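As structure tokens, the structure follows; a few thoughts come after it.
The values are calculated or read from the model by the stated rules, or taken from the named source; none is laboratory data. Note that this is a predicted model, so its numbers are computed, not measured. Please note: Cβ atoms are built from the backbone with ideal geometry, for glycine as well, and neighbour counts cover all protein chains shown. Ligands, DNA and RNA are excluded from the accessible area calculation, which covers all protein heavy atoms including side chains. Shrake-Rupley method; radii C 1.70, N 1.55, O 1.52, S 1.80 Å.
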Amino acid sequence: METMVRSSNGFLSALSADDYELIRPHLRTGDLPHDAVLVATGETLKRAYFPHRGVISLVVELARGEHVQVAMIGRDSLLGTLSIMGDACALNTAIVLVPGSASMMDLDRLRVAADQSCTLRTLLTRHGLAVYAQVQQTASCNAAHPVESRLSRCLLHTHDLSGDYRLLLTQEAMAQMIGARRNSVSLVANTLQQANFINYSRGHIQILNLDGLRQTACECYATVKAQYDRLLGPR
């Protein structure tokens with residue numbers, strides 16, 4: 001069971017045997033309930049999360065009440081790498097977008113392990129850079145690309161991170177994902193449904209045609225994927 005859990009998270013599976021042994025005694029597995037707030041902006045992040053299933057959304061909250069997603073973390077990475085390398089005060093709110101499960105450990109213990117291992121620190125840095133690349137591309141995408149392309153990009157990315165073709169995403173959640181208004185999301189989701197790329201009903205999305213979504217998505221989907229492959233691929 002331990003091997004199966006480790007292999008279902010990209011960060012844990014990439015660790016050497018020695019590095020994994022540094023953190024293994026401190027890992028515990030728990031649920032990621034839908035809409036759970038793992039840390040709010042300005043709070044101190046106390047745990048690192050290594051998702052096996054599910055997706056964590058990093059959200060910026062603006063003064064007028066808007067919420068905009070800047071990145072997603074799923075089974076390929078972890079929540080907490082930037083806090084380990086710098087300030088543990090959260091710069092954004094981390095919310096469970098797609099429910100699932102994760103291994104967890106106290107951030108202080110992961111920081112101690114990183115201090116003991118250069119290879120563990122290097123891997124954490126690479127994962128931090130991958131998240132940063134996603135944040136940069138998301139900001140550019142939301143400023144420059146059509147809503148239809150942005151929604152296709154986010155649906156593809158959510159599928160990649162969760163490994164699921166069936167997603168529970170409200171119009172409000174999708175609006176946060178792409179920095180758009182809910183009425184725009186409704187129109188675009190209907191367009192994608194008419195093209196038979198998705199089936200959408202009352203917050204339930206089933207992805208029917210990945211190739212169709214890839215053709216509709218902007219360049220940002222492939223760009224982020226290429227950065228992740230470069231930074232986190234086999235070495």
For this session: Would you tell me the accessible area of R109, worked out with a 1.4 angstrom probe on the heavy atoms of the protein chains, in Å² to the nearest 10?
Result: 120 Å²
Problem set entry | Relative contact order (%) - the stretch 23-159, alpha-carbon pairs under 8 angstrom, separation at least six | 32 percent
Exercise. Nearest 20 debye, what's the magnitude of the dipole of the chain about its Cα centre given +1 on Lys and Arg Cβ and -1 on Asp and Glu Cβ?
Worked result: 240 debye
Seminar exercise, completed: Over all directions, the chain yields a Cα convex hull whose mean projected area in nm² is 12.3 nm²
Exercise. Put +1 on the Cβ of every Lys and Arg and -1 on every Asp and Glu Cβ in the chain; which of L129, H159, V188 then has its Cα farthest towards the positive end of the dipole?
Worked result: V188
For this session: Please report, as a whole percent, how much of the solvent-accessible surface of the chain comes from carbon and sulfur atoms (probe radius 1.4 Å).
Result: 50 percent
Problem set entry | Given charges at beta-carbon only (K, R positive; D, E negative), |dipole| of the stretch 50-187 in Debye | 200 debye
Seminar exercise, completed: Looks like the stretch 88-181, by Cα gyration tensor root eigenvalues a ≥ b ≥ c and the a/c under 1.5 rounded cutoff (else prolate when a/b is bigger than b/c, oblate otherwise), is prolate
Seminar exercise, completed: Ordering 59-66, 41-48 by per-residue average of other C-beta atoms within 10 angstrom, highest first, gives 41-48, 59-66
Problem set entry | Centroid-to-centroid separation of the stretch 42-87 and the stretch 121-180 [C-alpha atoms, Å] | 12 Å
For this session: Report the relative contact order of the chain, percent, no decimals, based on alpha-carbon pairs under 8 angstrom and at least 6 residues apart.
Result: 21 percent
Problem set entry | Simple Cβ-charge dipole of the stretch 1-65, Lys/Arg +1 and Asp/Glu -1, about Cα centre, in debye nearest 20 | 100 debye
Seminar exercise, completed: Counting only protein heavy atoms and rolling a 1.4 Å probe, one gets per residue an accessible area for the chain in Å² of 49 Å²
